[in-house]
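First comes the structure, then the notes that go with it.
The values are calculated or read from the model by the stated rules, or taken from the named source; none is laboratory data. Note that the structure is a prediction, hence the values are computed from the model and not measured. Here the Cβ is made from the backbone with ideal geometry for all residues, glycine too, and neighbour counts use every protein chain on show. The accessibility values were calculated without ligands, DNA or RNA, using every heavy atom of the protein model including side chains. Shrake-Rupley method; radii C 1.70, N 1.55, O 1.52, S 1.80 Å.
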Amino acid sequence: MRLICAWVLITIVLVAVNAQENPMPNSTATSPQLSWVNASNAKLERELIAKYGEAQRLRLERGLRQVGEFWRPEDGDAAAFEEFVRANFAGDQATLDTMFNRFERLLEQLGGHMHEINREFRQQMDLDLGPVLPFDEMFGGYDPSAHIIDDFFQNKLAFVALLNFPLTTLDERLKEGPSWTRRQWAEVRLAQRFSKRIPADVNLGIAQAEAAAARYVAEYNIWMHHLLDENGQRLFPPKMRLLSHWNLRDEIKADYADKQNGLAKQRMIQQVMGRIVTQTIPAVVVNNPNVDWNPFTNEVKPAAVNDSDSPAPASMNISSAREPDTRYATLQKDFLASKKADPYSPTAPTLIARRFDEDREIPEARVKAMLEQVLTSPLVPQIAKLIESRLGRPLEPFDIWYNGFRPDSRYSESELDAIVAKKYPTAEAYQRDIPNLLLKLGFSPERAQHVAQDIVVDPARGSGHAMGAEMRSEKAHLRTRVEKTGMNYKGFNIAVHEMGHNVEQTFSLNDVDHTLLKGVPNTAFTEALAFVFQGRDLQLLGLPAPDTKSEAEKTLNDFWTTYEIAGVGLVDTAVWHWMYDHPQATPSQLNAATLQIAKDIWNRYYAPVFNHKDVVLLAVYSHMIDSFLYLPDYSIGHLIASQIEEQMKKAGEIGPEFERMAKMGDVTPDLWMENATGKPVGPDALLEATKRALSRVQ
Ligand SMILES: [Zn+2]
């Protein structure tokens, strides 16, 4: 199951490119204390209230405060400021309506066309259209929208928005949002686009930290054939090179199937992970096939076998000297770069606040409470017992990645491949069948046609992704991989997932009442809606749905994955708090603090069922190093997916329910979920489903 599909990754890449390509060195601090601003404001208030009436006082005061917060000396002197406010304050409803409508229409055009250029520029890279030449990658890496926010502050359109529309805190959006009109919500989202004015050199510093962290993570491979056990045996095959942590974790999962050596391999990988987290790993073994290493004794020797093409460098220093806290030095640079943006983000003045209050829009305390509710659920020890009985041994720490809950498949993969290839020999065949597939999901013929005409199927170079439109005159693109022999089952399964994204993208852009509210609250929602489609792929092929036992296995797998990743999210969050509390710390102090945090969380929520204490595995995720407090999103994603799936089951017909949910648009997650299911975001649906599943499995 993929919580992040290619579509999301593209968005993330674009954001990173945005920041990276900002060349203007321009680091004048924001000037909350322009010496003249109070006198100018007093003068403008007298003048404009006399002109427009007392009823405008609150709006005017708010607008002046918001503009003053972002105005810098180079934007103009007192006279320029006053002239700007006089000319651009919408003092009556008709002018305000005109301004709102014009901003909404033109921002849709701007975003839509920028996205169109991006899509065209990436076409050769994204689609199966023959060789990619070096300049194609340059086109693909270019983002014409990179400087829009800077431009809008410079030409003062951002100040027009800030003068007339309200900036809000998450607290206000949560408390007052449910009683706002849709127009009020759209005004809030409009102002929010200009809630930060981060200088170009600060953005550049963040982009550089991101790039350095991504490089560190991307090159952190372990050459598995060079791991020796106590008898000098090699448990893993030649040439196996695993990237930390993803491939290492997935190898642990795969090793459950190896009845002979699986357990020894899993224990060895766990030992390697521990060495990485504690930074007792010998520096020379990272990404190096020229040494052999016993991760238990930490002994390093020249490689006795050769399974790579890279010759040993002449000057390689073979020793057990540990990696010198590079992992934590990298993380600390993320923190220091992010912190520089704090003064320019008044409504969310720390990276922690920006992640929780802006990106997730769920307060940190609530996220923490939800994760703890999963971690302390009485279902955990019950499922742990079930896993032990299936494994025939007590749990070991790496069993947080147990993957034995699987649906039974009535059909083999090759049978399914044959069915799919016959049905979809080409991408066009899939395109033609979309209305029919939507009918099977319960959409009416009219709605199926309505959505299908806005989806174009393209042959993907990679495994596939969904690229929505950003304006109503554009179509959503479904990118799917079709082999010469026709589509295979994996490709179909992904195409159905991406089609779920496209249908959501189409409803939430074309049928939402304000384009300023297009989309969903965050990526977890679009993923959850895509899973609703993906989970019904067999029915779409005309085959029987998975039986209740298979569904129960899937639910137990969801629960165990959520339980595992919830602890990881808590560690990530606590480490960022520690960094904010200790801004002067050394990498080695950050190392020690991270280990303590990981052990504390393990001891509280995992040790009681695993019967092992002081385990540090929860800190092994590479996202912690390169993704800036992203990890809590995975658990929230699982909770949201369960809530939506439960609601779909209750509603029966998916089509109308899907459309109703998607048209809510980009409001807070809780408000969206209240509208969708009658309850805010939370773990109850997952816990209920797990309880039911547990009674059906055993
Ligand atoms: Zn997806």
All positions within the range 53-89 that are in a loop (DSSP other than H, G, I, E, B) and under 17 Å from Ser195 (Cα atoms): Trp71, Arg72
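Residue under question is Gly542, and the condition is that it be surrounded by fewer than 20 Cβ atoms within 10 Å (Cβ to Cβ) and closer than 20 Å to Gly655 by Cβ; does it hold?
yes
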With the requirement that a residue be open to solvent by less than 20 Å² (accessible area, probe 1.4 Å) and more than 10 Å from the ligand (Cβ to nearest atom), what does the range 520-532 give you? Pro521, Ala524, Phe525, Val532
Selected residue (only one of Leu174, Leu263, Leu162 is open to solvent by less than 30 Å² (accessible area, probe 1.4 Å) and either touching a His at 6+ places or on another chain (Cβ under 6 Å) or aliphatic (A, V, I, L, M) (or both)): Leu162
Tell me whether the range 236-243 contains one or more residues that are open to solvent by 60 Å² or more (accessible area, probe 1.4 Å) and part of a helix (DSSP H, G or I). no
Helices (runs of 4 or more DSSP H) wholly in the range 535-653 with at least 3 residues that are over 22 Å from the mean Cα position of the chain (by Cα) - which ones? 537-540, 548-581, 587-605, 607-610, 632-651
Filtered residue count, the range 441-455, keeping only those that are over 23 Å from Gly535 (Cβ atoms) and surrounded by fewer than 17 Cβ atoms within 10 Å (Cβ to Cβ): 4
Does any residue of the range 392-413 turn out to be without any contact (Cβ under 8 Å) to a residue 12 or more places away in the chain and assigned to a helix (DSSP H, G or I)? no
Can you go through Ala214, Ala191, Ala264 and tell me which one is modelled with pLDDT under 95 and part of a helix (DSSP H, G or I)? Ala214
Of all residues making up the range 275-291, the number that are touching a residue at least 40 places away in the same chain (Cβ under 8 Å), open to solvent by 20 Å² or more (accessible area, probe 1.4 Å) and within 30 Å of the chain's Cα centre (by Cα): 3
Listed by first then second residue, the pairs whose first member lies in the range 70-94 and is among the charged types (D, E, K, R), whose partner is at pLDDT below 95 and exposed (fewer than 14 other Cβ atoms within 10 Å of the Cβ), with beta carbons under 6 Å and at least 6 positions apart or on separate chains, are Arg72/Thr28
Expected single match for crowded, with 21+ Cβ neighbours inside 10 Å and aromatic (Phe, Trp, Tyr) among Trp578, Trp560 is Trp560
Going by what's in this entry, would Ala384 be described as out of contact with any strand residue (DSSP E or B) (no Cβ under 8 Å at 6 or more places or on another chain), open to solvent by 20 Å² or more (accessible area, probe 1.4 Å) and of a type in the set (A, V, I, L, M)? no
Kindly evaluate Gly500 against the criterion of being surrounded by 21 or more Cβ atoms within 10 Å (Cβ to Cβ), free of Cβ contacts under 8 Å to residues at least 40 places away in the same chain and not hydrophobic (A, V, I, L, M, F, W, C). yes
If you go through the range 504-519, how many residues are away from the ligand (no atom under 14 Å from the Cβ) and either over 30 Å from Pro680 (Cβ atoms) or touching a strand residue (DSSP E or B) at 6+ places or on another chain (Cβ under 6 Å) (or both)? 1
Looking at the range 463-503, which of its residues are within 18 Å of the chain's Cα centre (by Cα) and either away from the ligand (no atom under 16 Å from the Cβ) or acidic (Asp, Glu) (or both)? Glu498
Counting only residues that are in contact (Cβ under 8 Å) with a residue 60 or more places away in the chain and of a type in the set (A, V, I, L, M), which one in the range 292-313 is least open to solvent (accessible area, probe 1.4 Å)? Ala303
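Looking at Ala619, Ala607, Ala662, which is the one that is surrounded by 23 or more Cβ atoms within 10 Å (Cβ to Cβ), among the hydrophobic types (A, V, I, L, M, F, W, C) and under 30 Å from Gln270 (Cβ atoms)?
Among Ala619, Ala607, Ala662, only Ala619 is surrounded by 23 or more Cβ atoms within 10 Å (Cβ to Cβ), among the hydrophobic types (A, V, I, L, M, F, W, C) and under 30 Å from Gln270 (Cβ atoms).
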